[in-house]
Every structure is written in structure tokens, then in C-alpha cells.
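Heads up, the thing below is written out as C-alpha cells.
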Amino acid sequence: MIDLPTTMTGVLMTGHGGPEKLEYRKDIPLPVMGKRDVLIRVGAAGVNNTDINTRIGWYAKSDGNTEDASWSGEALNFPRIQGADVAGEIVAAGSEVDQNRIGERVLVEPCLTEVGGQQPPHPWYFGSECNGGFAQFTTVAARHAYRIDSELSEVDLASFPCSYSTAENMLTRTSTSAGDRVLVTGASGGVGSATVQLAKARGAEVIAVTSPSKSNGLVALGAAQTIGRNENLKVALGENSIDVVIDLVAGPAWPNLLDVLRPFGRYAVAGAIAGPLVELDVRTLYLKDLSFFGCTVLDPKVFKNLIRLIETKAIKPLVAEVFPLENIGEAQTVFQSKKHTGKIVLQIPS
């Protein structure tokens, strides 16, 4: 075990609002570890849509009401340390945890079914309902800290947990397999680029929706074809031509996604960056026997599968840019510009 300080450096979110709600502090108390928890020295942490959506209150169901402005629909307690994508090392373990785990390199499973030794009524999200990884140290139930045996740096490893587990979860829920034609919206982002790799690894044919400037990069990741964001999908692909849609965008063009799905096609969604309200012709849903999957809570086998894929080098990290933690506001601004492919990662000070 290392000598532990009593305080640490990190970023506190002090309320809902703009970047001014993020305070870089060097006097945050070290987190208290429960008997079934581990204490992790954080090496790097990725930036996600969830961080920004939570900060601005995007999840609230009505304007001006932040009582349900978290992804689980619960009010948040402030200050909060965000950060769902965490790579680091276990430096201490609770009394009911195998002490041999101290020293393990780990990735944190972001969807939590155990917090403080208890099972919450609905799974919590690391860095949302509880403190996360935008700090030098964090705690989590030992079951959610997965040992990783890899030569990759902590920056590279931090690009995996949230985006890749979200992508793998959608592919698992839709039973995507070899021979499927899979359409991925928002394909250049962290989850989208992860989906391209993971679907390709399953033997699927991947069609990526992206901007023309990012087309070559997605083809290099495994996309068989790319389509511009503003192209008409029905014209580009034809109706009833896709087995699985992995959607991260939603928005006004959403009905076209159902038109290109084949009868008995599967649709999964885990984001709505173009707008959460869409128009659904229910006749399309039932006459084509479509299956819809809303995906947030991870299937139990997803994160274990992800660790295996990383360790066997079946997938690779895609880090677009790295920022020091104190520049989190700049990192989130770059993230929101959507000009990158892959992940924005924060380097945590040692």
C-alpha cells in the first residue's frame, strides 16, 4: 500500500449550469472506503456526453426543474465529482476485500449495481449518482473494479469503459452477429467509433453515418461504407436493407432509421445528440415486427467481455486528444465541437 494523503486534487461540480460550475481544487478530502470497496489511484479519465448532460441539467423532463436532472431521474447532491471512464490502480481495499488485489491495474465498470455495500433501487452511474474519477483517488465496490492485464497506458485504457461498454451492450441486446448489416449513427464519437470496431469484430457489415471528413478514419476502423450525416438514408441504402440500427443521434431524421430496417429488424438507442423528441408512426413498428431496445444498464456479461477484447487486442483505443485535468472546461468544449474521432481523455495529476 502507498502512503495515502488526507486530501487530493480533483474537480468538483457545484451545481447545474455552465463550465463555471466545475471547480478545480487541491483540498478535496480523500474518499472514505467501505468494507466492500477498493480505493483507486486514478491515472486517467475520459470525457463523456453524460458528464456534460448532467452538468447542464439536460436529463430534466421539464424546463427549469432539476429535481430529476440525472440519468436515473433522481436529484443530485452537490458538490459531485464526475467522471465515469476510469483507469487506475488499486491502492487500498476494504476489510471484506481480498487484500491481494492491492496493486492491480483496473478499469471501473461505470454502471453500478452495488454502492456502499448495498444494491440501489436502480443501478447508479459512476460519477453521477455517486462520485467518480475526475480526481486523484476514487472508491467503488470491488466487484466493479475489473483487473486489466494490458501494456496500454492509462490514457489509452481510460478510452474504453463507458463508450465501449455502451457499444457492446447495444450489440449484445440486439444479438448482433456475423452477417448482419449494422447501421451506426454518430459513428465518429466515442461510442460510435467503439461500435464500429465491436460490430466488425462480431463479423457484421458496418455502415457508419458521419461527416465526409471522418470517413477514411472510420473505414480504417472497420466500416464497410460511410454515409454523410445529411444524406437521405432511404436513397443511400434503400428501404428494408438493414438488420440492426445502433443509434446515438435521434433527432428529426429519426423516422428514416425505421424505414431502412428490414422486417424483424432491431433498433437500439443510447443517445440523442440531435434531439430527444422524435416522431414515430406506430404502424411501422408493428407492421414490420421491429424490436426496440433502450440501453443504459449493462448486461451482466458485457464488461467482462470488454476486458477480454482489450486483453486479446481484438479492439484498439482511439484517443483523439489528451488534456490535463485542470483544463477540463477546454476539454469539454473540444468534445462538444464534435470535430474529433474517438475519445477525449483527461490526464489526472499524480
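The values are calculated or read from the model by the stated rules, or taken from the named source; none is laboratory data. Computed from a predicted model, the values in this text were never measured in an experiment. All Cβ positions, even for glycine, are placed from backbone atoms using ideal geometry, and neighbour counts span all protein chains on display. Only protein heavy atoms, including side chains, enter the accessible area calculation; ligands, DNA and RNA are left aside. Shrake-Rupley method; radii C 1.70, N 1.55, O 1.52, S 1.80 Å.
Points worth noting:
- Using θ = phi - 60° in the Karplus curve 6.51 cos²θ - 1.76 cosθ + 1.60, the 3J(HN,Hα) couplings for the range 325-338 round to 4, 5, 9, 4, x, 5, 4, 5, 5, 4, 4, 6, 5, 6 Hz; x is entered for Gly and Pro.
- For the chain, the longest principal axis of the alpha carbon atoms and the long axis of helix 161-173 meet at an angle near 40°.
- Estimated [θ] at 222 nm from DSSP helical runs (n ≥ 4, -39500 (n - 2.57)) normalised by residues in the chain, nearest 500: -6500 deg cm²/dmol
- Cα-based helix-to-principal-axis angle, 190-201 vs the chain, degrees rounded to 10: 70
- Estimated vicinal HN-Hα couplings, Hz - the range 245-259 in sequence order (Karplus 6.51, -1.76, 1.60; Gly, Pro = x): 10, 10, 10, 10, 10, 6, x, x, 7, 4, x, 5, 5, 6, 5
- Carbon plus sulfur fraction of accessible area for the chain, probe 1.4 Å, in percent: 49
- The shape of the range 62-181 comes out oblate: with a ≥ b ≥ c from the C-alpha gyration tensor, a/c is at least 1.5 while a/b does not beat b/c.
- Those residues of the range 309-343 whose amide nitrogen sits under 19 Å from the label point placed on K26, 7 Å along Cα→Cβ: 324-329
- Each residue of the range 14-25 is assigned a 3J(HN,Hα), and the resulting list reads 9, x, 7, x, x, x, 5, 7, 9, 10, 7, 10 Hz, derived from the Karplus form 6.51 cos²θ - 1.76 cosθ + 1.60 (θ = phi - 60°), x at Gly and Pro.
- Those trypsin sites (Lys or Arg not before Pro) in the range 223-325 that DSSP places in a loop and that have at most 10 other beta carbons within 10 Å: K313
- Within the range 264-323: Cβ-based charge dipole about Cα centre, in debye rounded to nearest 20 (Lys, Arg +1; Asp, Glu -1): 340
- Among the protein heavy atoms, those of D3 account for about 150 Å² of accessible surface (1.4 Å probe, every chain in place).
- Ligands, DNA and RNA are left out, and with a 1.4 angstrom probe the accessible area of the chain is 43 Å² per residue.
- Taking the inverse of the mean reciprocal distance over all distinct Cα pairs, the Kirkwood hydrodynamic radius of the chain comes to 20.6 Å.
- For the chain, averaging the sequence separation of C-alpha pairs within contact (under 8 Å, six or more residues apart) and dividing by the residue count gives a relative contact order of 17 percent.
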